[in-house]
Amino acid sequence: MAKAHLESVLVNLSAGVLVFDSELKPTIANRGAAEILKDDLQGLIGTPLAQWPRLQEFSAAVAESFGAHQAANWQRQLEIPATGSTLLLRGSTLPTAGGGSVVVFDDITQLIAAQRATAWGEVAQRLAHEIKNPLTPIQLSAERVQAKLAG
């Protein structure tokens, strides 16, 4: 019952979840992972990361991160040029006797684009303010000269 409930939760998560055995062969891939990576991951179940025919940037990053952070949690950002997307990956080793690990990831491409747009908006606002600052005294002087000439 608990396993069925857990599988139901994993299937309906929008975040990608990949569970690996101790040899970094995927054992579980949810629908969110397939949607984010734009690939059918069911065909890759049981295939070591090093032998994935597609998604080479992703598989290399996951394998490298688990190799560098053994028995620890890790997080990294990964750009995938083929899809033009940016992923935030979080990995952890599983505390079970059989070993294994899990990677949870999200597509943060739109978040980064929104942050860039906000930053450019702030730059434009500051630039407009800096341009307006010297124009105000010039406008006041021009109005004084116009008033003197009109009088």
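If the condition is being in contact (Cβ under 8 Å) with a residue 24 or more places away in the chain and either surrounded by fewer than 17 Cβ atoms within 10 Å (Cβ to Cβ) or among the β-branched types (Val, Ile, Thr) (or both), then the range 57-77 contributes GLU57, VAL62, ALA63, GLN77. Scanning the range 8-24 for residues being touching a helix residue (DSSP H, G or I) at 6+ places or on another chain (Cβ under 8 Å), assigned to a loop (DSSP other than H, G, I, E, B) and open to solvent by 20 Å² or more (accessible area, probe 1.4 Å) gives a total of 3. Within the range 34-47, track down each residue that is more than 16 Å from ALA82 (Cα to Cα) and either of a type in the set (A, V, I, L, M) or part of a strand (DSSP E or B) (or both). Listed by number, the residues that qualify are LEU41, LEU44, ILE45. Scanning the range 48-62 for residues that are of a type outside the set (Asp, Glu), farther than 20 Å from GLY100 by Cα and not in a loop (DSSP other than H, G, I, E, B) turns up just one, GLN56. LEU135 meets each of the listed conditions (1) modelled with pLDDT of 85 or more; (2) over 30 Å from PRO48 (Cα atoms) apart from (1). Restricted to the range 63-79, and to residues there that are among the hydrophobic types (A, V, I, L, M, F, W, C) and either part of a loop (DSSP other than H, G, I, E, B) or touching a Pro at 6+ places or on another chain (Cβ under 8 Å) (or both), the residue that is modelled with the highest pLDDT is ALA72. Apart from one condition, ALA124 fits all of (1) modelled with pLDDT of 80 or more; (2) open to solvent by 70 Å² or more (accessible area, probe 1.4 Å); (3) over 18 Å from SER14 (Cβ atoms); the exception is (2). On the given criteria, is ARG31 charged (D, E, K, R), open to solvent by 40 Å² or more (accessible area, probe 1.4 Å) and within 17 Å of the chain's Cα centre (by Cα)? So ARG31 fails the test. Restricting attention to the range 83-114 and to residues that are surrounded by 12 or more Cβ atoms within 10 Å (Cβ to Cβ) and of a type in the set (Gly, Ala, Ser), the residue that is nearest to the chain's Cα centre (by Cα) turns out to be SER85. The number of residues in the range 1-18 being farther than 18 Å from LEU88 by Cβ and modelled with pLDDT of 75 or more comes to 0.
The values are calculated or read from the model by the stated rules, or taken from the named source; none is laboratory data. Everything numeric here is computed off the predicted structure, so don't read it as measured data. Because the Cβ atoms are built from the backbone with ideal geometry, glycine has one as well, and the counts that use them run over all protein chains shown. Surface areas here come from the heavy atoms of the whole protein model, side chains and all, with no ligands, DNA or RNA. Shrake-Rupley method; radii C 1.70, N 1.55, O 1.52, S 1.80 Å.
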